[in-house]
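The values are calculated or read from the model by the stated rules, or taken from the named source; none is laboratory data. Bear in mind that the values here come from a model prediction, so they are computed numbers and not experimental data. Glycine also receives a Cβ, built like all others from the backbone with ideal geometry; neighbour counts cover every protein chain displayed.
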Amino acid sequence: MAKVKDINPFLVNSYISKEYFCDRDNELNILLRNVQSNVNTTLISPRRLGKTGLIFRFFELLGERGDYGTVYVDIYSSRNLSDFIKLLTAAIINKFPERTPVGKRFLKLLKGLRPIFSFDSITGTPQVQFNYQSESDKEYTLQQLFAFVNDQPLPVVVALDEFQQIAHYPEKNVEAILRTYIQQFNKVCFIFSGSRRHTLMDIFANANRPFYSSTRFMNLEVIERVAYRNFIREKFEQGKRTIDDESIDYVMEWTKGYTFYTQSLCNRLYSLRKITLDTVKAECLALLKENEPIYLQYRNLITSKQWEFLVALAKEESVLQIYSREFLLKHQLGTPSSIRRMLDALLEKELILESVSSTGSSYSVYDVFLMRWMQRTY
């Protein structure tokens, strides 16, 4: 395993510590204020903007303070309430290993719920399945899990990542069940995070849904540009690399400051000792070339008209008046009704990103690298 000092500081798919985390001080303060006020948070963010990294950084902050416990649950892979319970159980086991006093108490609780224990064949981590005789058994198991978390000496913050998945469960009463249990426990605070804005808004802002008006909303934006530029420069300098301001500006502009894309490009550049504008542009082209087979596969997954629509968005980078006559004629896209159908389909496939602001909704290609490839290719 590499020593920390040898790690490429531009992490892409993992979180190590605050030394490799850029800014987000305002977001951390908001989360802390919500938790201290015992207020649940709905964290909404496009994919690849650093949502999960922010949660891990916040949990690290709480660990440093020593006044809260934390549990992180990624429910993206869940298909139903049984999967949700399984993932929650695994997260608690991961947080409180069997050898610890708390872990031993949790194992004792599990044994009373008729579990089936196994181990992941690759990671070796413990896995738990439950035999349910009825739907009420599931609800009882879920209630017992939340009660266990609530009974810890310290209050606990539970992050349920990709929470929009519950809207697709076949069980129709999951939201009501979760809302009921969440209201019962005053020592557990929740962060409901996800990337599907419309689904999350429907869950938490629809007066006809159980979670209505039960949380405070946080919309994650790109990292403040000056802070990110300083972070990039600092990490290259600490690694005995040289990079000028012009090159950093190009990186920020080319990646639009979106965390995953900025980190990915900087991660590649870090393999070089001296970074100039020419080397940055060369790495950009190399990156697009490597990803080209993926982008060509995208083209095979949608209709030719949808592809043309994506290309038009890529050329514009961002479109506010998506149904305007000027935009439709410029790119020969057809009628507003046909655009509406294509837009809905591509939003569902997460090939188009909708950004909401006080001026209205703007639309862009979701994948920044795909956008840059389209701009270069067409």
* Selected residue [at pLDDT below 95 and under 18 Å from K86 (Cα atoms)] from E175, E171, E162 -> E171
* Can you name the residue in the range 225-263 that is of a type in the set (V, I, T) and surrounded by 19 or more Cβ atoms within 10 Å (Cβ to Cβ) and, of all such residues, is farthest from T276 (Cα to Cα)? -> T259
* Asked: Looking only at the range 345-367, which residues are loosely packed, with under 14 Cβ neighbours inside 10 Å and assigned to a strand (DSSP E or B)?
  -> V356, S357, G360, S361
* In this structure, is F130 of a type outside the set (S, T, N, Q), assigned by TED's automatic domain parsing to the domain that holds E60, more than 25 Å from L62 (Cα to Cα) and free of Cβ contacts under 8 Å to residues at least 40 places away in the same chain? -> no
* Failed condition for F148, given (1) within 13 Å of S82 (Cβ to Cβ); (2) touching a Leu at 6+ places or on another chain (Cβ under 7 Å), with all others met? -> (1)
* Structure fact -> Of the listed residues (N38, N80), the one being at positive phi and modelled with pLDDT of 95 or more is N38
* To do: Test I7 against the stated conditions and say whether it is surrounded by 18 or more Cβ atoms within 10 Å (Cβ to Cβ) and hydrophobic (A, V, I, L, M, F, W, C).
  => no
* Do we find that A167 is aliphatic (A, V, I, L, M) and surrounded by fewer than 18 Cβ atoms within 10 Å (Cβ to Cβ) in this structure? -> yes
* With respect to the numbered conditions (1) surrounded by 14 or more Cβ atoms within 10 Å (Cβ to Cβ); (2) out of contact with any helix residue (DSSP H, G or I) (no Cβ under 9 Å at 6 or more places or on another chain); (3) more than 30 Å from P9 (Cα to Cα), which one is the sole condition not fulfilled by N267? -> (3)
* Asked: Just a yes or no: is a residue in the range 336-344 exposed (fewer than 13 other Cβ atoms within 10 Å of the Cβ), within 28 Å of the chain's Cα centre (by Cα) and among the charged types (D, E, K, R)?
  -> yes
* Structure fact -> Residue pairs within 9 Å by beta carbon, gap of at least six or interchain, first lying in the range 203-215 and under 11 Å from R179 (Cβ atoms) and in the same structural domain as H168 (by TED's automatic domain parsing), second at pLDDT below 95 and buried (at least 16 other Cβ atoms within 10 Å of the Cβ), listed first then second, are F211/I182; S214/I182
* Keeping to the range 130-143, report how many residues are surrounded by fewer than 17 Cβ atoms within 10 Å (Cβ to Cβ) and either charged (D, E, K, R) or farther than 15 Å from N80 by Cα (or both). => 5
* In the range 201-208, is there at least one residue being in a loop (DSSP other than H, G, I, E, B), under 26 Å from L370 (Cα atoms) and within 23 Å of the chain's Cα centre (by Cα)? -> no
* To do: Would you mind stating whether S45 is in the same structural domain as I191 (by TED's automatic domain parsing) and in contact (Cβ under 8 Å) with a residue 24 or more places away in the chain?
  => yes
* Options E98, E139, E171: the member that is among the acidic types (D, E) and in a helix (DSSP H, G or I) -> E139
* Mind telling me which of the residues Y72, Y76 ends up being touching a residue at least 40 places away in the same chain (Cβ under 8 Å), in contact with a Phe, Trp or Tyr (Cβ under 8 Å, 6 or more places away or on another chain), surrounded by fewer than 20 Cβ atoms within 10 Å (Cβ to Cβ) and more than 20 Å from Q143 (Cβ to Cβ)? => Y72
* Asked: Pairs, please: C-beta under 7 Å, at least 6 apart or cross-chain, first residue over 11 Å from V149 (Cβ atoms) and in the range 89-110, second basic (K, R) and part of a helix (DSSP H, G or I)?
  -> E98/K104
